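Asker: Below you'll find the structure I mean.
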Amino acid sequence: MSKKEAMAEIVNEISICTKCRLHQSRTNPVPGEGSLDSSLMFIGEAPGAREDATGRPFVGAAGKLLTQLIESIGLSRDEVYITNVVKCRPPQNRDPQADEIYTCLPYLRRQINIIRPRVIVTLGRHATKTVFELAGIPFGSMTRVHGEEFRGRIDGKYVTIIPTYHPAAALYNPNLRRTLVEDFQIIKEALGKEYKGPLDHFIS
Ligand code: URA
């Protein structure tokens, strides 16, 4: 099966998913979008109102900032893959609950396995905690881990994980916005790096 076919299968499953309570209040599920051949994958928390209305990730105010940050390192949205930990909007934009994250996790895991990015950027606490758990990395706090590179393995394959703050948190906070801009420079550098390590890094 090609990457495209494998992702289409996931998107189809998500479109009819009723595995958790979030399906009851969603308008559209938001599976994710972007290049399946990208070396860079962004993982957010959950869709908001605009994402729920359109079925596309990060298209509201936070998405506009994310798009600018991606462009600040010389890339376009189409060149990366963008998704969320939870594919359906939590009512009133509340935090996703642990059981919702757990139920939705197999979709994210399969998406990671199709794309096999060299670098995963986690946006905010929920995404960072979830992806760290997948990679067996202990999570402390965003203050400690943001803008740092973590090497881990997800389903046996090495990946670099770089946590940063959620763009929504930076919308009205210029200091945090500056931090995000700096963290994105770290992402740019990490993308250019050759990691010397165990052979399985070189075998797809
Ligand atoms: N916030 C997220 O975490 N994801 C989106 O898709 C939009 C806003």
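The values are calculated or read from the model by the stated rules, or taken from the named source; none is laboratory data. Since we're looking at a predicted model, the values are computed, not measured. Here Cβ is always computed from backbone atoms with ideal geometry, including for glycine, and neighbour counts include all displayed protein chains. Just so you know, the surface numbers come from the protein's heavy atoms only, side chains and all, with ligands and any DNA or RNA stripped out. Shrake-Rupley method; radii C 1.70, N 1.55, O 1.52, S 1.80 Å.
Asker: Assuming a ≥ b ≥ c are the square roots of the Cα gyration tensor eigenvalues, decide whether the stretch 3-193 counts as rounded (a/c under 1.5), prolate (otherwise, with a/b larger than b/c) or oblate. Before the final figure, lay out the partial values.
Answerer: On the way: a/c = 1.41, a/b = 1.22, b/c = 1.16.
Rounded shape, in that the Cα axes give a/c under 1.5.
Asker: Compute the signed sum of charges (Lys and Arg +1, Asp and Glu -1) over the other residues within less than 14 Å, Cβ to Cβ, of residue 53. Mind showing how you got there, number by number?
Answerer: Working: positive: 26, 50, 56, 89; negative: 51, 52.
Every neighbour counted, the sum reads +2.
Asker: I would also like to ask the following. Need the list of lysines near residue 188 for cross-linking: C-alpha distance under 20 angstrom, and skip anything on the same chain fewer than eight residues off.
Answerer: Result set, ordered by chain and number: 64, 196.
Asker: Further question on the same structure: What are the ³J(HN,Hα) values, in whole Hz, obtained from phi via the Karplus relation 6.51 cos²θ - 1.76 cosθ + 1.60 with θ = phi - 60°, for each residue of the stretch 21-29 in sequence order, with x given for Gly and Pro?
Answerer: 5, 5, 5, 5, 10, 6, 8, 10, x
Asker: Count the net charge of all other residues whose Cβ sits under 9 Å from the Cβ of residue 134, scoring Lys and Arg as +1 and Asp and Glu as -1.
Answerer: Spelling it out: positives minus negatives among the neighbours equals -1.
Asker: What does the helix-only formula give at 222 nm for the chain: each DSSP H stretch with n ≥ 4 adding -39500 (n - 2.57), the total divided by the residues, and the result rounded to the nearest 500 deg cm²/dmol? Numbers along the way, then the final one.
Answerer: Values: 8 runs with 86 residues, N = 204.
Computed ellipticity for the chain at 222 nm equals -12500 deg cm²/dmol.
Asker: What relative contact order, as a whole-number percentage, does the chain give when Cα pairs under 8 Å and 6 or more residues apart are counted?
Answerer: Values: 345 pairs, mean separation 44.4, N = 204.
Once normalised by length, the contact order is 22 percent.
Asker: If you don't mind, another one. Given a 1.4 Å probe and every protein chain left where it sits, what share in percent of the accessible area of the stretch 87-130 is carbon and sulfur?
Answerer: In the stretch 87-130, the share of accessible area belonging to carbon and sulfur is 52 percent.
Asker: Next question. For the chain, with every protein chain kept in place, what is the accessible area per residue (1.4 Å probe, Å²)?
Answerer: Counting only protein heavy atoms, the per-residue value for the chain is 49 Å².
Asker: Another question, if that's okay. HN-Hα J couplings of the stretch 183-191 from phi, Karplus 6.51/-1.76/1.60, θ = phi - 60°, integer Hz, Gly and Pro as x?
Answerer: Running phi through 6.51 cos²θ - 1.76 cosθ + 1.60 with θ = phi - 60° gives 4, 5, 5, 5, 4, 4, 4, 4, 5 Hz.
Asker: Given H placed on each backbone N at 1.01 Å, which residues far from residue 59 in sequence or on other chains put an amide H within less than 5 Å of it?
Answerer: 51
Asker: Turning to a different aspect of this structure: Check cross-link reach from residue 129 to the lysines: straight Cα distance under 17 Å, and skip same-chain residues fewer than eight apart.
Answerer: The reachable lysines, counting only those whose Cα sits under 17 Å from residue 129, are 87.
Asker: Let me know the charge dipole size of the chain about its Cα centre in debye, to the nearest 20, where only the beta-carbon of Lys, Arg (+1) and Asp, Glu (-1) is charged.
Answerer: 200 debye
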